[in-house]
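Participant: Structure in structure tokens, see below.
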Amino acid sequence: MDEATTNVPQTIGDGGENGGAHVVGERETGRGPACEPVHEPTCEPTREPEHRTGHGTARGGDAGFVPSPADTPVASAPEDGRIVLSPADAPVADVPARMFGSFVEHVGRCVYGGIYEPDHPEADEDGFRRDVLDLVRELGVTCVRYPGGNFVSNYDWKDGIGPRENRPVRRDLAWHQTETNEMGIDDFHRWSRKAGTEIMLAVNMGTRGMADALEELEYVNGAPGTAWADRRVANGIPEPMGVSMWCIGNEMDGPWQVGHMSPEEYADAVEKTAHAMKLAESGLELVACGSSSAHMPTFVRWERTVLTRAYEHIDFVSCHAYYYERGARSMQDYLASSEDMIRFIATVAACADDAREANHGDKDIALSFDEWGVWYSDVWNRQEAQWKAAASQGLHCEPWPKAPHLLEDIYTVADAVVEGSLMITLLKHCDRVRSASRAQLVNVIAPIMAQEGGPAWRQTTFYPFAEAARHARGVAYAPYVESPRVRTEAFGEVDALDAVVTWDEKSRSGLLLCVNRDVAQAHAVRVDLSGLPGALDEGVRVRRAVMLHDEDPHRRNTAERPMEVTPFEPSVRACGDGSFACDMPAVSWMAVEFAL
Ligand code: AHR
């Protein structure tokens with residue numbers, strides 16, 4: 001993973017070892033009393049903020065911190081927020097590689113016109129867009145869930161194997177589109193190897209079920225010598241694909257899902273299917289569907305029923321969480337969306353623990369946030385209503401377009417800040433959340449957009465994901481955050497600031513991810529990482545910092561102006577006690593890479 005981070009194109013403001021943001025000098029040993037002026041002015045004396053809620057251990061005041069006279073205050077406000085890692089803080093857990101997963105579904109132009117476009121000038125010998133592959137690698141995606149989503153619940157994986165000219169064209173009931181089956185599991189396997197990503201496969205529990213899942217498993221992972229494995233070999237893939245993680249269906253609680261089930265029906269189906277799949281391959285990691293969202297009427301009852309029944313054979317429960325500004329009560333509420341995710345995690349983890357107790361078990365079922373991100377779902381709801389209205393005119397009135405423009409949300413700066421904040425939450429809970437897939441990857445609610453026959457570009461949401469995926473290594477810490485509060489309608493008063501720290505002992509380097517969720521106020525933040533192992537002796541060197549913010553939180557990147565929003569270098573001020581400070585404007589996200 002470390003190699004990967006150094007090999008990716010340096011397009012998000014990498015300044016090299018000492019490039020990028022203002023660099024904290026070598027003399028910053030973490031012991032000096034003074035604020036060390038670097039390139040930027042002043043560390044203002046810290047005024048003790050009111051005590052706020054936070055995680056971890058509060059440290060004493062900043063005695064001994066004296067602002068250098070050379071440092072005339074410029075734009076920085078008095079510090080009103082602190083992020084502190086104290087020596088007593090234990091890491092939450094190791095950062096799972098699968099935390100930086102994504103999702104490719106056969107919907108809209110995610111596959112056709114996204115990752116696959118054989119007529120595109122950038123297409124390679126397999127029809128995959130090279131420009132998109134480059135961006136996927138730059139994004140740092142580690143694992144990709146495939147092929148759905150709602151799509152999988154009426155999909156026959158056998159339609160997508162063998163010679164393309166023999167593959168059937170089908171109607172997809174989930175998204176009301178025509179599926180040409182030009183891409184299937186073999187093609188996706190080839191694409192994943194080029195992208196350098198693991199595959200997480202979902203099986204159809206809507207129109208198919210256990211028998212089909214077992215055949216697919218044999219086709220994908222079987223050693224040559226049995227019928228389905230030999231079909232794979234005949235199709236040009238001699239080695240087993242080695243797919244370890246399998247989702248047993250998708251959102252089976254949702255009334256929109258083809259073949260949706262009651263909690264009891266699904267509990268029965270997933271228990272039997274997981275049992276059989278593990279008889280075929282005991283080392284699999286199996287994901288049971290959780291609720292489609294924390295706002296479903298059967299939420300909790302679903303988790304309790306399913307997890308208690310299937311406990312023995314499953315390893316993960318899925319969680320899906322989408323947010324968008326119009327779906328929230330206010331912009332401030334939207335910016336605080338991670339509060340909803342925190343409650344969601346706590347509730348599902350409690351259900352998993354209850355299931356463990358009920359089974360007298362000793363393993364913890366982990367959470368797989370295998371769909372998360374920003375989705376303007378009201379736009380889709382309108383589109384869906386339109387084709388339903390067309391269909392109601394009589395028989396044969398329904399459109400079945402190929403690769404239609406669906407769910408092509410163009411993201412704002414605020415959306416990127418929300419996604420940055422959600423990533424912080426996932427990392428802070430990585431003891432329980434052991435896998436996550438930001439939904440989706442290309443064109444469809446995606447960080448990467450690709451025009452038919454034209455260029456591909458990065459959405460605003462690309463940047464916070466890429467920074468975490470490329471640089472969050474080792475273990476995660478939930479630092480103590482002392483923050484001004486903001487008022488929300490849905491969650492009451494919450495901290496404006498949130499942060500996570502990752503630390504890689506091998507390279508003795510780390511990453512701070514921080515967000516200011518305040519819709520109106522900038523906050524000046526003092527960061528003290530002296531609790532990291534060895535930090536007091538060696539001092540913390542800031543290598544590079546990037547920030548996302550814009551005066552207009554609704555600014556976006558478009559095909560015409562793809563670089564309208566990009567991260568910039570914030571001014572990071574070194575403080576002589578090994579800490580540093582930075583101003584975080586209202587609605588902003590920041591990443592700071594540091595080393596000892
Ligand atoms: O990602 C879009 C859709 O959201 C998925 O197909 C489905 O699982 C969820 O409802």
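The values are calculated or read from the model by the stated rules, or taken from the named source; none is laboratory data. Please read these numbers as outputs of a predicted model, since none were measured by experiment. A quick note on method: Cβ atoms are made from the backbone with ideal geometry, for glycine too, and the neighbour counts reach across all protein chains shown.
Participant: Could you identify the single residue in 538, 489 that is surrounded by fewer than 24 Cβ atoms within 10 Å (Cβ to Cβ), at pLDDT below 95 and more than 25 Å from the chain's Cα centre (by Cα)? Step through it out loud before you land on a result.
Facilitator: Details: 489 fails: at pLDDT below 95.
Every option except 538 fails the conditions.
Participant: Could I ask something else about it? So the check is Cβ under 6 Å with 6+ separation or different chains; which pairs have a first residue in region 81-93 that's within 12 Å of residue 530 (Cβ to Cβ) and a second one that's outside any loop (DSSP other than H, G, I, E, B) and of a type in the set (Asp, Glu)?
Facilitator: Cβ pairs passing all conditions: 84/528.
Participant: A further question on this structure: Can you find a residue in region 272-284 that is buried (at least 17 other Cβ atoms within 10 Å of the Cβ), within 23 Å of the chain's Cα centre (by Cα) and within 24 Å of residue 431 (Cα to Cα)?
Facilitator: Within region 272-284 (the criterion being buried (at least 17 other Cβ atoms within 10 Å of the Cβ), within 23 Å of the chain's Cα centre (by Cα) and within 24 Å of residue 431 (Cα to Cα)), the answer is yes, since at least one residue qualifies.
Participant: Could you tell me whether region 221-243 includes any residue that is under 30 Å from the mean Cα position of the chain (by Cα) and either of a type in the set (Ser, Thr, Tyr) or part of a strand (DSSP E or B) (or both)?
Facilitator: No.
Participant: Let me ask something additional. State whether the residues of region 203-217 include one that is more than 16 Å from the ligand (Cβ to nearest atom) and under 24 Å from the mean Cα position of the chain (by Cα). If you could, list the steps in order and put the result at the bottom.
Facilitator: Just the residues of region 203-217 that are more than 16 Å from the ligand (Cβ to nearest atom), to begin with: 208-217.
Filter once more, so that each one left must be under 24 Å from the mean Cα position of the chain (by Cα): none.
Scanning region 203-217 turns up no residue that is more than 16 Å from the ligand (Cβ to nearest atom) and under 24 Å from the mean Cα position of the chain (by Cα).
Participant: What do you reckon, is residue 232 among the basic types (Lys, Arg) and buried (at least 21 other Cβ atoms within 10 Å of the Cβ)?
Facilitator: Details: among the basic types (Lys, Arg): yes; buried (at least 21 other Cβ atoms within 10 Å of the Cβ): yes.
In short, yes.
Participant: While we're looking at this one, here's another question. Checking the structure you have, find out if any residue of region 94-112 is more than 16 Å from the ligand (Cβ to nearest atom) and closer than 30 Å to residue 575 by Cβ.
Facilitator: Within region 94-112, one or more residues are more than 16 Å from the ligand (Cβ to nearest atom) and closer than 30 Å to residue 575 by Cβ.
Participant: Filter region 544-562 for residues that are touching a strand residue (DSSP E or B) at 6+ places or on another chain (Cβ under 9 Å) and over 20 Å from residue 468 (Cα atoms) and give the result.
Facilitator: Those that are touching a strand residue (DSSP E or B) at 6+ places or on another chain (Cβ under 9 Å) and over 20 Å from residue 468 (Cα atoms): 550, 552, 553, 554, 555, 556, 557, 558, 559, 562.
Participant: Go through region 315-417 and tell me which helices (runs of 4 or more DSSP H), entirely inside it, have 3 or more residues that are buried (at least 20 other Cβ atoms within 10 Å of the Cβ) and more than 16 Å from the ligand (Cβ to nearest atom).
Facilitator: Numbers: elements: 331-335, 338-358, 377-391.
It comes to 331-335, 338-358.
Participant: Of the residues in region 285-310, how many are over 26 Å from the mean Cα position of the chain (by Cα) and either within 16 Å of the ligand (Cβ to nearest atom) or within 29 Å of residue 240 (Cβ to Cβ) (or both)?
Facilitator: 1
Participant: Moving on to the next point. Quick check on my filter: what residues within region 124-175 are assigned to a loop (DSSP other than H, G, I, E, B), within 12 Å of the ligand (Cβ to nearest atom) and within 22 Å of residue 214 (Cα to Cα)?
Facilitator: Within region 124-175, 147, 148, 149, 155 qualify.
Participant: Report yes if residue 304 is surrounded by 20 or more Cβ atoms within 10 Å (Cβ to Cβ), basic (Lys, Arg) and not in a strand (DSSP E or B), otherwise no.
Facilitator: Details: surrounded by 20 or more Cβ atoms within 10 Å (Cβ to Cβ): no; basic (Lys, Arg): yes; not in a strand (DSSP E or B): yes.
Here the answer is no, as residue 304 does not meet what is asked.
Participant: In addition: I'd like to verify a number: residues in region 233-275 that are small (Gly, Ala, Ser) and either closer than 24 Å to residue 144 by Cα or within 16 Å of the ligand (Cβ to nearest atom) (or both), how many? Full working, then the answer.
Facilitator: Our first condition is that a residue be small (Gly, Ala, Ser); within region 233-275, this holds for 234, 236, 242, 244, 249, 254, 259, 262, 267, 269, 274.
Checking which are either closer than 24 Å to residue 144 by Cα or within 16 Å of the ligand (Cβ to nearest atom) (or both) leaves us with 236, 242, 244, 249, 254, 259, 274.
Going through region 233-275 one residue at a time, the tally reaches 7.
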